[in-house]
Amino acid sequence: MAVEYRKLTDEDLDILIEMRIAQLQEEGAEAVFDLKPYLQDYYTRHLADNTFVSWLAVDMNRIVGTSGMSFVEKPPYYSCPSGKIGLLSSMYVIKEYRRKGIARFLLDKVVKEAREFGCATIQITASDMGVLLYTDYGFKKNGNFMYYTF
């Protein structure tokens, strides 16, 4: 196994979208509608304006791992004076490639991208599987995460 790493390009979007859907379903999400056009729109727009970056793990031209970092800005606060926040998503490695350090390498790449963008903090809603990786990397749990839906 000779995994290589590279940044996502527009040509990779179909595969990234398939892997994102697989990730969501593996984490328990129910496929109640076709998510593909929404993901296509999101990734296309945010790659174009540089508010989304992704690194990929590739083995013999096959994408085996993905990562993603969205950059958002909100009013500055004491622990984030720039107001710039990285939202980590799309961290996924296919089953036969797990436990080989791929996710950690991908995480390191997008964390560095967030730092270069000027983010003062990175947030994630971690899956049960990802909690150990993020904790080991230095992420802290925050019991204040809440959401509202219409």
Below 8 Å, C-alpha to C-alpha, sequence gap of six or more: please give me the relative contact order for the chain in percent. 21
Could you state how much accessible area residue 13 has, in square angstrom rounded to the nearest 10, with a 1.4 Å probe and all protein chains kept in place? 10
Out of region 49-104, which chymotrypsin sites (Phe, Trp or Tyr not before Pro) are coil in DSSP terms and have no more than 11 other C-beta atoms within 10 Å? 78
Whats the longest run of the chain with zero trypsin sites (Lys or Arg not before Pro) that are DSSP loop and have at most 16 other Cβ atoms within 10 Å? 1-97
Which percent of the accessible heavy-atom area of region 1-134 goes to carbon and sulfur, probe 1.4 angstrom? 53
Average projection area in nm² (convex hull over Cα atoms of the chain, one quarter of hull surface): 9.8
Need the full-extension length gain, residue 96 to residue 131, defined as separation in residues times 0.36 nm minus the C-alpha distance. One decimal, nm. 10.7 nm
Heavy-atom accessible area per residue - the chain, 1.4 Å, Å²: 66
Could you order 14, 108, 41 so the one with the most accessible surface comes first? Probe is 1.4 Å. 14, 41, 108
Select from region 2-88 those GluC sites (Glu not before Pro) which occupy a DSSP coil region and have at most 11 other Cβ atoms within 10 Å, ordered by residue number. 30
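The values are calculated or read from the model by the stated rules, or taken from the named source; none is laboratory data. A quick note: this is a predicted structure, and the numbers were derived from the prediction, not measured. Methodologically, a virtual Cβ is constructed for each residue, glycine included, from the backbone with ideal geometry; neighbour enumeration extends over all protein chains shown. Calculation scope for accessible area: heavy atoms of the full protein, side chains included, ligands and nucleic acids excluded. Shrake-Rupley method; radii C 1.70, N 1.55, O 1.52, S 1.80 Å.
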